[in-house]
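Below is one structure, written out as structure tokens; comments come after it.
Values in this text are rule-based calculations from the coordinates and carry no lab data. Model, not experiment: these values are computed from the prediction. Backbone-built Cβ (ideal geometry, glycine too); neighbour counts: all protein chains shown.
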Protein chains: 2
Amino acid sequence: MKPTQSKPAPAEPGEPATALDLLFVGAGEVFSDGAARTGVVVGVRGADIVYVGPADAAPAAREVIDLKGGLLTPGLVDPHTHLVFAGDRAGEYAERSAGTSYLEIARRGGGIARTMHATRAASVETLMALARPRLDQLLQCGVTTAEVKSGYGLTPADERKMLEVVRRLDAEHPIDLVATFLGAHTVPPGVDRARYLDAVVGEMLPDIAEAGLAEFCDVFIEKGAFDIAEGRRVLEAGLKYGLRPKVHADQLSAGGGAELAAEVGAVSADHLEHISSTGIDALAAAGTVAVLLPGAAMFLGSDDRAPARALADRGVPVALSTDCNPGTCHSTNLLLMLTLGMSRLGLTPAEVLDAVTVHAARAVGREAVAGRIAPGRPADLAIFDVATHRHLPYHFGMLPTRAVYKAGRQVYPTAA
Amino acid sequence: MKPTQSKPAPAEPGEPATALDLLFVGAGEVFSDGAARTGVVVGVRGADIVYVGPADAAPAAREVIDLKGGLLTPGLVDPHTHLVFAGDRAGEYAERSAGTSYLEIARRGGGIARTMHATRAASVETLMALARPRLDQLLQCGVTTAEVKSGYGLTPADERKMLEVVRRLDAEHPIDLVATFLGAHTVPPGVDRARYLDAVVGEMLPDIAEAGLAEFCDVFIEKGAFDIAEGRRVLEAGLKYGLRPKVHADQLSAGGGAELAAEVGAVSADHLEHISSTGIDALAAAGTVAVLLPGAAMFLGSDDRAPARALADRGVPVALSTDCNPGTCHSTNLLLMLTLGMSRLGLTPAEVLDAVTVHAARAVGREAVAGRIAPGRPADLAIFDVATHRHLPYHFGMLPTRAVYKAGRQVYPTAA
């Protein structure tokens, strides 16, 4: 969360006290919470939306912004990223594409371990400098809130360093960052499994919780990472320290991760390419958000698709995310994920928009402040050079973002 | 092809006559024709590359451009687009994603027929205004040469109109455009099949050839489009008028299109998701380029993959393209196709770079002037904010293009 936004300049003498600072008119559509509205204007005072309705009932405004038929949406929310890291894995990507197995790459010191070594070796300042352009790219997609995970440090000091980077980036960048502790990403090479889990639960969690460096605690449930019992132990310990659970679940194989997420009341279960039917029902009953990451399967060359249609049809809120990370999805293009959400996952245009606004906000605990255009909410807004919400996913791989506002202030593009 | 480029200002008195206009130094890599070279500088005089080699042997230059570790490649070539069209099919995309079959969409008047009606109704000026931003987006990917097809007019006057648009856009836009006549895209609704083919062969082809409006003649070989005998008739008629053959082959089913392409000596066979083993051998023997369009399968939600590895391994030059069109791949992001070429098709970084440079140039008959960085060739160059050619496909869905030069002149970004 940001420090309190500075207030805009006071109204000129003679202006009514209720005057708006900004009034957005002429939108082709105003999309929020599953509905595309036409003939609607949006008024902003200070950092907040204060009016959504017909133009003729809107208060006077000091500045009227004509959207000339563009699309107005809530600022987008990217609910699952690993965007703080050093080094890259372009060479490994080339090896995988040429047929080398992930196991063989890991055996040669690749995979998460490669990024862990580079991230441990980097200073806070270096990590910040590397992450800034990634945040700028997200902003260019219309993102105003993003989750960022630790998980490349894997020692108490290095996990804490990563989360310090998130805190400092949050303070300086227009995007609001939500921090998740992912000490249980993998057991670092050469470390005893039991001792590592003891350190996660007994050292890292209390330290990070006390410093207020994370809101969420995540575990990677997968063969080669952590099993259900280990994941339960970490998430329950996190809960004890006030960190809400998230789960990397059922990505490469059906492992009961979704069921665990539901059991511990996780706010989200992420990936889910191999979720079981029981798992879908469990998420629906628990009100857990399904965060789907179709870019990862794509980048990995897999035909896997999460059962988005079944999830949505059984009442699970479906979110979409970039999964931005150096190994399995080196992308910051959240708009591309809208297209994959339709083409690969069978969602509708309104569903993919909800998946990066209202449902994504819920997946990161920001349902009260992000993801909706409504009076009383922060004026986080994105404007796109497309006529309707259906045209946003239709633009495959392009960035039609015209402007982005955070808390009533234009943050993209910025004056040169 | 462009009109002759204007010459740069003459050298100042006292400068040697052999001085360069531009010298690109400091590239992380100079990539051309399958090879990434380090420690190499590139010198330009007027519109042409005149020096590639070590810095210490380079002639003096009036302007030295330090690439600061960026990647220098040939200007990219997009060898297969349908980017002149009116209307859009965003609604149809939503219907398909929701499960409506293409057949049902066609029955309701959708598909190519929808774009045909909109394109027929649009003026030359409207079509140009709609196509300009698409060309600008290609330029932003580093593209300096692109092929554009007709095929949404489907009457003698409307096919000619589309190709007039291509000619006028070629004259005004920095990207060199290569025109292909695709009258045999589909039989327009309500028109007798035999009479339509007679019109393609007897009216459109001679008219377009006489006006010099196309270099290539293409046919769509597919169930519901044209069969082998019909395709052969059109392509042989095209050859008679000096138009070199291209074929839309084996996209949705194995139909012998690749074999036909080889038989008529086509410069390229495009799509090929369902090419037979015999077809691969035929292309190899004929020297026909395989133009692969992985964005189309992706956008259509299909798991189909062209056998790129088998094609490359048996000696077929493999090119990649956007297939930019309103129905099956609404994308102008050629860099995204590099990522899909690796992740979906198993090509290597050097192969995907060759696929949008040297092989793509050959696929559009520009092998003598485009797709390579070598002395004597036009200075069509792209500069990317990545350290090596391996990092270009690794950036999934992003546009790290820093600058583009066409015939020695910077054309992206341009001064505001």
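Placing a label point 7 Å from the Cα of B:THR126 along the Cα-to-Cβ direction, the distances to the matching points in the other copies come to 5.8 nm, shortest first. Taking the Cα centre of the protein assembly as shown as reference, the dipole from Cβ charges on Lys and Arg (+1) and Asp and Glu (-1) amounts to some 440 debye.
Measuring r between the beta carbons of B:ARG168 and B:HIS117 and using R0 = 25 Å, the FRET efficiency lands at 0.65. Please list, in order, the residues from region A:195-233 whose amide nitrogen is less than 15 Å from a point placed 7 Å along the Cα→Cβ vector of A:ALA157. Hits in region A:195-233 for A:ALA157 at 15 Å: A:204. Farthest towards the positive end of the charge dipole of the protein assembly as shown, among the residues A:GLY212, A:ALA312, B:ALA27, is the Cα of B:ALA27, using unit charges on the Cβ of Lys, Arg, Asp and Glu. Among beta bridges from DSSP that stay inside chain B, the antiparallel ones total about 40%.
Mean Kyte-Doolittle hydropathy of 0.0 or higher plus an axial Cα length of 15 Å or more: which whole DSSP H helices in chain A meet both?
Numbers: long enough: A:124-140 (24 Å, 0.20); A:156-172 (24 Å, -0.88); A:228-240 (18 Å, -0.06).
Sorted by number, the helices that extend far enough and score high enough are A:124-140.
Note on region B:78-162: with charges restricted to the Cβ of Lys and Arg (+1) and Asp and Glu (-1), its dipole about the Cα centre is near 200 debye. Here the dipole of region B:87-129 is about 140 debye; that uses its Cα centre as origin and unit charges on the Cβ of Lys and Arg (positive) and Asp and Glu (negative).
In this assembly of identical copies, the label point of A:GLY91 (Cα plus 7 Å along Cα-to-Cβ) is separated from its counterparts by 5.4 nm, sorted shortest first. Distance from the B-onto-A rotation axis is smallest for the Cβ of the chain B residue given, in whole Å, as B:ASP303, 2. Shielding value for B:130-141 is 1, the average number of Cβ atoms from other chains within 10 Å of each residue's Cβ. Counts of other chain beta carbons within 10 angstrom of each beta carbon in peptide A:386-396 average 5.
Work out the mean other chain Cβ neighbour count within 10 Å for the residues of B:94-103 and drop it here as an integer.
Average neighbour count from other chains, rounded to a whole number: 4.
Say the cut-off is 32 Å between C-alpha atoms; which of B:LYS161/B:LYS240; A:LYS149/B:LYS406; B:LYS161/B:LYS223; A:LYS246/B:LYS68 go over it? Listed pairs above 32 Å: A:LYS149/B:LYS406; A:LYS246/B:LYS68. Label-point spacing at B:GLY34 relative to the other copies reads 5.7 nm, in ascending order, each point sitting 7 Å out from Cα along Cα→Cβ.
Let me know the Kirkwood hydrodynamic radius for chain A, please, with Cα pairs as the basis and the value in Å to one decimal.
Working: mean 1/r = 0.0461 Å⁻¹.
Kirkwood hydrodynamic radius for chain A: 21.7 Å.
The spacing between region B:368-395 and region A:173-230, judged by their C-alpha centroids, is 42 Å.
If R0 is taken as 22 Å, the Cβ-Cβ distance between A:GLU63 and A:THR414 corresponds to a FRET efficiency of 0.85.
Grab the beta carbon distance between A:ALA35 and B:SER253, set R0 = 51 Å, and tell me the FRET efficiency rounded to 0.05. It comes to 0.80.
Highest mean first, the peptides A:196-204, B:361-369, A:138-146 sorted by other C-beta atoms within 10 Å per residue fall in the order A:138-146, B:361-369, A:196-204.
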